[in-house]
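The values are calculated or read from the model by the stated rules, or taken from the named source; none is laboratory data. For clarity, every value in this text was computed on a predicted model and none was experimentally measured. Neighbour counts are summed over all protein chains in view; Cβ atoms, including those assigned to glycine, are modelled from backbone coordinates with ideal geometry. Side chains are part of the model used for accessible areas, which takes the heavy atoms of the whole protein and leaves out ligands, DNA and RNA. Shrake-Rupley method; radii C 1.70, N 1.55, O 1.52, S 1.80 Å.
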Amino acid sequence: MHPNNPAESLRNTLPLADEILSLDVLTLREHTESAGDTIDSATQHSAIQNLLAVSELALVRRNGQLLAYAMLQPRGDDCWFVTGFNTHPAHRSAPVFREIFAQISAIAARRNIAVLQSNVYKTNRLSMAFHRRLGFKITRENTKGVEFTAALTDLTTHPFARERRTPYMEMVLRG
């Protein structure tokens with residue numbers, strides 16, 4: 001999270017907010033519009049700036065380019081909400097996913113996260129399938145989307161996560 005100095009926080013998040021917005025517009029516009037909503041760039045940029053100030057962030061970069069990000073913020077004592085998770089379509093690879101998941105695991109260890117929640121449009125078939133493959137379960141649903149929830153222990157037992165377990169994942173699995 002950014003320091004409590006609003007001017008410093010804004011200065012630090014502007015370029016990153018631009019990068020995240022570009023990635024989101026590239027990958028989210030089609031299924032967002034298919035769900036009957038829109039992505040207004042100015043509104044989305046402002047929302048990203050505000051979220052960056054109160055979120056934990058995981059970033060994967062190669063040669064200075066943002067390839068993937070995850071933003072998490074607390075919902076309760078040990079439950080955190082995934083406010084954003086995105087990967088560039090040309091870089092959806094095992095190494096990129098391992099790196100982002102390793103960073104999420106480090107955040108989970110530092111913040112004692114036991115449960116993750118995420119909202120997904122039903123029109124986002126790739127994300128729906130991705131969440132299911134990782135072990136998330138649908139806990140709420142409406143006409144446009146679903147809320148997925150997963151215990152970290154369920155996620156850490158997934159074959160993808162087993163390829164590169166962090167010490168925190170091992171501790172969670174041992175109980």
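Laid out as a table, the results:
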quantity	calculated
First in segment 120-142 and over 16 Å from S34 (Cβ atoms), second anywhere and assigned to a helix (DSSP H, G or I), Cβ under 7 Å, 6 or more apart	L134/L155; G135/D154; G135/L155
Tabulated pairs, segment 86-104, first among the small types (G, A, S), second open to solvent by less than 30 Å² (accessible area, probe 1.4 Å), C-beta under 8 angstrom, 6+ apart or interchain	A102/T166
Single residue of segment 105-124 satisfying the filter (of a type in the set (S, T, Y) and not in a strand (DSSP E or B)) that is modelled with the highest pLDDT	T123
Selection status of A102, open to solvent by less than 40 Å² (accessible area, probe 1.4 Å), out of contact with any Lys or Arg (no Cβ under 8 Å at 6 or more places or on another chain) and not in a strand (DSSP E or B)	no
Matching residues, segment 53-81, being open to solvent by 20 Å² or more (accessible area, probe 1.4 Å) and part of a strand (DSSP E or B)	L57, L59, R61, R62, Q65, Q73, P74, C79, F81
Candidate set from segment 31-46 (those that are free of Cβ contacts under 8 Å to residues at least 12 places away in the same chain and in contact with a Ser or Thr (Cβ under 9 Å, 6 or more places away or on another chain)); member that is least open to solvent (accessible area, probe 1.4 Å)	E33
Within segment 125-175, considering residues that are at pLDDT below 85, part of a helix (DSSP H, G or I) and charged (D, E, K, R), the one surrounded by the fewest Cβ atoms within 10 Å (Cβ to Cβ)	R174
V25 vs. criteria over 26 Å from A106 (Cα atoms), modelled with pLDDT of 85 or more and surrounded by 13 or more Cβ atoms within 10 Å (Cβ to Cβ)	yes
